[in-house]
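Readers should treat all values here as calculations from the given coordinates under stated rules, not as data from a laboratory. Source: prediction; values computed, not measured. As a convention, Cβ positions derive from the backbone with ideal geometry for all residues, glycine included, and neighbour counts pool all protein chains shown.
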Number of protein chains: 2
Amino acid sequence: MKIALAQLNYHIGNFSSNVEKIKSNILRAKMEGADLVMFGELSVCGYPPRDFLEFPDFILRCEEAVKEIASVCFGISAIVGAPVKNPNVEGKDLFNAAFVLVDGKIKSVHHKGLLPNYDVFDEYRYFEPAKAFHIAEICGKKIALTICEDLWDVEENLMYTQWPMEELIKQQPELMLNIAASPFSTEHVEMRRVVMKRNVEKYKMPLFYVQHVGAQTEIIFDGGSMVLNEKGDVVCEMKYFEEDFQIIDTEGISNIEYRTPNIEVNKSEILMIHDALVLGIKDYFSKMGFTKAILGLSGGIDSALVLVLAIRALGKENVLSVLMPSEFSSQHSIDDSIALCKNLECGYEIVPINDAYEEMLDTLSPVFKSAPFNVAEENIQARLRAVILMGIANKFGYVLLNTSNKSEAAVGYGTLYGDMCGGISVIGDVYKTKVFELCRFINSEKEIIPNNIISKAPSAELRPNQKDSDSLPEYEILDKVLFEYIEKRQGPKELIEMGFEKTLIDRILKMVNSNEWKRAQMAPVLRVSQKAFGSGRRMPIVGKYLG
Amino acid sequence: MKIALAQLNYHIGNFSSNVEKIKSNILRAKMEGADLVMFGELSVCGYPPRDFLEFPDFILRCEEAVKEIASVCFGISAIVGAPVKNPNVEGKDLFNAAFVLVDGKIKSVHHKGLLPNYDVFDEYRYFEPAKAFHIAEICGKKIALTICEDLWDVEENLMYTQWPMEELIKQQPELMLNIAASPFSTEHVEMRRVVMKRNVEKYKMPLFYVQHVGAQTEIIFDGGSMVLNEKGDVVCEMKYFEEDFQIIDTEGISNIEYRTPNIEVNKSEILMIHDALVLGIKDYFSKMGFTKAILGLSGGIDSALVLVLAIRALGKENVLSVLMPSEFSSQHSIDDSIALCKNLECGYEIVPINDAYEEMLDTLSPVFKSAPFNVAEENIQARLRAVILMGIANKFGYVLLNTSNKSEAAVGYGTLYGDMCGGISVIGDVYKTKVFELCRFINSEKEIIPNNIISKAPSAELRPNQKDSDSLPEYEILDKVLFEYIEKRQGPKELIEMGFEKTLIDRILKMVNSNEWKRAQMAPVLRVSQKAFGSGRRMPIVGKYLG
């Protein structure tokens, strides 16, 4: 039996585009001799469809789309994912389902049993978990067909109280198929391979695993669909961060020699983050119908990195940098920014803010009177820059890229409605120390980002001789504490046991918790870690805990 | 048996304050002769604690708090709500639990079975649903002790597949107790009474129901705790939007005559919204540790309403209005705003934006060149006003109140980083037509809001002779469509069947769906309807459905 895996980039709710892609891949699979072609979880509507699932009209369109796809399934079977109505009186209205399509019709429907409801996932919000599991019959083979998380509850991860494969194995399947939508994070790529291998070792049969690629706002699917033979060897590993299509014959796979994973798979963490962010920008723009990006170039490392990533995603002709020096800007910040744009051959504008700033202070002087310079004036500079950037964006149809990094977003070191503006936050899930690593990686072959930008001490340049280290602990220490607190949920006691000082811990945790109100208004953050700010991290705003 | 109901305003994660409140109410109940005192669901940590629940340190503090509360329970029993660790290997780490405390110890722990995971609720993200239910024994009585949603799955609402009360009734309880955290919406107050009554009619025993009061950021708890006798009469209905404390003797309640509900309960919808919003502002400020609010007064009805509500929440001495006229502002907008401030005896500043606006256009002129005036210049005005408001806020410690209404938030008729700014959105869940009703209600005894403000045609005043109706359908029609689409999830077909024109529906639904990116950066919105923007409505941003 020849099985095609179609690893595609879907668009949530864009039925015409999703259906066309699926249909053309069915035809391709058929032409290339496949007996079956598999698509990802909820491929018909895109993942995650979120509250669109609460609209009966949306469910109807899903049903119509499945029928339309079935109508081309002659001489080949296909598996697609879509929501399906729960016919029972009790329980939620929908199941998350895999449809087996053949001979122009729906042959069988299989419901997901394990519904992730942590981090960015909300599946129990919409779906009833399946409690019964039945084998699919395709081309005369008995197949254990499951959906994503159904294979994930193994050994150390006992989040659920039932086990779909334990039910299916009783029905003596010959083969496991899994359709998935498994978001990228740097730790997740390896974990996914381990989990798939463990299923094969436990159930002693081959596994075909197909998932999504492409970004849906903040959630990035990295691809890497795979086939394992019954010995646990990965006999096919598909591309990362790109669409891909492969046909694998079940007959020969136990004899296929173990393939070393794709060169892509041996990518360093930094290279994976790089590719994920480029894809994230690219898909945000293409799926929103935008083409052109704008950003403020400060002379610092964050905006320099975002500019490089944006150009790689959108092309240099589609990215405009704006330099907005003030009286507090250093000459080297301007020179470094211009050098960067020249290296990248991209357009830039210089729009000094001095006059607008002075005029705003005059405007406010009847209210401010003789109050001394403080954070208010610093924020005014940052906000006037946002007015300029958004003005140009609105006038010429650009979308503003946010350039805040995860460290400053964590501790609230940024101006709301100022440098925190932007349609999408490109590096809001990248700690400052990783920002440095990414820049060094980008410069590994030649100096793209002027070394000055990388080597100088970080500064917001909002008052004379300001440095980040005036207000914040050194990033090397800060980032370690933030990682343990945000990603690992370590509390004050555990952090102190790790050797961090109590006063430092109290200060940092208080900064993180008391800035939820700022992050609540931040742009969606491209997610590359196991715990990004945004939809996967839901913290009370008025909460007092450690705040 | 005398049972005290303590309807309190908790603060998420503020253990010292919550524990003190609970302990002092236990002592009061004891002094007033009660045998048992009941507190709300998760009263120890506040509701909803959200991802704080993922921190082992937070759970430890909950455990310590329950022990501390137990230590004062001598001569009286108490029921408090807190998370508790799931001792089983399988399933999620926690249960949502009710603790029965007596003789200085935890006597029994009861787990919640039905976990709401819709709208603003995420309980299945953290908690394992209980599958076994056991009777509590308190003062020799057998009691069916349940938590909030456990009583809600009756008849028409078959979201769940198990029924806690059906298990408990087999153990022959004499009394039902329910501890709840039930957020306000205008429809919910009546629904809650119906559900409680239905339980009493079905299980034929009295019901004591205690819930929270107070706002936790966007979620407002309205109180209205109640006691029903076995005939279904409401024999006690506690205050709305205020803390309250009542002791009811189980012995006499079947003879208590049916009391007409509190005067509070007969409140009109508009009065309830009014009180909810005032409480929402008040608690946002008190729980964040803020005292002073600032807002921009445009001369329009939205900011006028927010000013009145803010003064009622915070006191006139704590609210500063700022008038920021431009060349496009009408004289009556300025006059009306001043008249409003005089009626309210509150402070205001006048900060014209003309000079800052002209200077910003000069600053941008090398980039804008001779491009004609368009929405870019309109947005610049709105954003410069935000710079002024935030400047004053930062300089003197005010918090900016957002004044966007639900209609304009829905269709994206507002400037991101401009009039969409603010720490909390006061009327973002109130349609424009309801804004008018609220203003008329406020003026019902005397003219507080100048009638001019209410009667003139709504305008953003960002270009000459602009009117909202230039860009939007009439609010009477718009609001009806928005309500059906947002609150009732009616799709295009259903809306056309209701008699709305297809072109109008297509236009409105497209505006709503294509502005998710703007709303994603909006402040938390005080929730007064069954479907508010924010945490209870989770829509894809790059989604294409109806967009």
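Over every pair of different alpha-carbon atoms in segment A:271-472, take the mean of 1/r and invert it; report that Kirkwood radius in Å. It would help to have the intermediate numbers written out before the result.
On the way: mean 1/r = 0.0581 Å⁻¹.
By the Kirkwood definition, the hydrodynamic radius is 17.2 Å.
Taking each residue of A:358-368 in turn, how many C-beta atoms of other protein chains fall within 10 Å of its C-beta, and what is the average? Show your work: numbers first, answer last.
Details: counts 1, 9, 9, 2, 3, 13, 8, 1, 3, 10, 4.
Across the residues of A:358-368, the mean count of other-chain Cβ atoms within 10 Å is 6.
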Q: Just tell me which aspartates and glutamates come within less than 16 Å, Cα to Cα, of A:Lys434; anything on the same chain fewer than 8 places away is out.
A: A:Glu187, A:Glu269, A:Asp275, A:Asp302, A:Glu408, A:Glu474, A:Glu476, A:Asp479, A:Glu484, A:Glu487
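With 20 Å as the limit, write out which pairs from A:Lys342/A:Lys446; B:Lys406/B:Lys493; A:Lys197/A:Lys231; A:Lys510/B:Lys292; B:Lys131/B:Lys170; A:Lys406/B:Lys287 have Cα-Cα distances beyond it, or answer none. Show your work: numbers first, answer last.
Values: A:Lys342/A:Lys446 14 Å; B:Lys406/B:Lys493 23 Å; A:Lys197/A:Lys231 9 Å; A:Lys510/B:Lys292 22 Å; B:Lys131/B:Lys170 15 Å; A:Lys406/B:Lys287 26 Å.
Beyond 20 Å between Cα atoms: B:Lys406/B:Lys493; A:Lys510/B:Lys292; A:Lys406/B:Lys287.
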Q. log10 I(q)/I(0), Debye, Cα-only segment A:2-267, no solvent, q = 0.07, 0.08, 0.15 Å⁻¹?
A. -0.21, -0.27, -1.08
Q: Counting helices only, and only those DSSP H runs with n ≥ 4, report the 222 nm mean residue ellipticity of chain A as the sum of -39,500 (n - 2.57) divided by its residues, in deg cm²/dmol to the nearest 500.
A: -11000 deg cm²/dmol
Q) In nm, one decimal, shortest first: how far is the label point of B:Thr161 (7 Å from Cα along Cα to beta carbon) from the matching points in the other copies? A) 1.2
(Q) Please compute, for the alpha-carbon atoms of segment B:127-265, the extent along each of the three principal axes and give them in descending order in Å. (A) 38, 37, 28
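Report, to two decimal places, the Cα Rg of segment A:83-145 normalised by 2.2 N^0.38 Å (N = number of residues). Mind dumping the intermediate values first?
Numbers: Rg = 13.1 Å, N = 63, 2.2 N^0.38 = 10.6 Å.
Here the answer is 1.24, to two decimals.
Shielding of A:378-385 by partners, i.e. mean partner chain Cβ atoms within 10 Å per residue?
Numbers: counts 1, 6, 6, 1, 1, 10, 7, 0.
For peptide A:378-385, the averaged partner shielding equals 4.
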**Q.** Amide proton proximity set for A:Ile424, modelled H, under 5 Å, gap of 5+
**A.** A:Asn402
Q.
Can you give the log10 of the normalised intensity I(q)/I(0) at q = 0.06, 0.07, 0.09 Å⁻¹, computed with Debye over equal Cα scatterers of chain B?
A. -0.34, -0.45, -0.73
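Evaluate the protein assembly as shown: find the radius of gyration of its Cα atoms, find its Kirkwood radius, and give the ratio Rg to Rh. Please report the intermediate quantities before stating the final value.
Details: Rg = 29.8 Å, Rh = 30.9 Å.
Reported Rg/Rh (Cα atoms, Kirkwood Rh): 0.96.
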Q: Rounded to the nearest 10 degrees, what's the angle between the helix B:502-513 long axis and the longest principal axis of chain B, both from Cα atoms, 0 to 90?
A: 70
Q. Mind checking which aspartates and glutamates have their C-alpha under 12 Å from B:Lys107, skipping anything on the same chain fewer than 8 residues away?
A. B:Glu137
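Mind listing which GluC sites (Glu not before Pro) in segment A:268-347 are in a DSSP loop and have 13 or fewer other Cβ atoms within 10 Å?
Values: sites: A:Glu269, A:Glu317, A:Glu327, A:Glu345; in loops: A:Glu327, A:Glu345.
Counting only loop positions with at most 13 other Cβ atoms within 10 Å, the GluC sites (Glu not before Pro) in segment A:268-347 are A:Glu327, A:Glu345.
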Q | Ascending count of other beta-carbon atoms within 10 Å, so fewest first, for A:Glu447, B:Glu167 | A | A:Glu447, B:Glu167
Q: Using the charge dipole of segment A:2-267 (Lys, Arg: +1 at Cβ; Asp, Glu: -1 at Cβ; taken about the Cα centre), state which of A:Ile147, A:Leu158, A:His188 has its Cα farthest towards the positive end.
A: A:Ile147
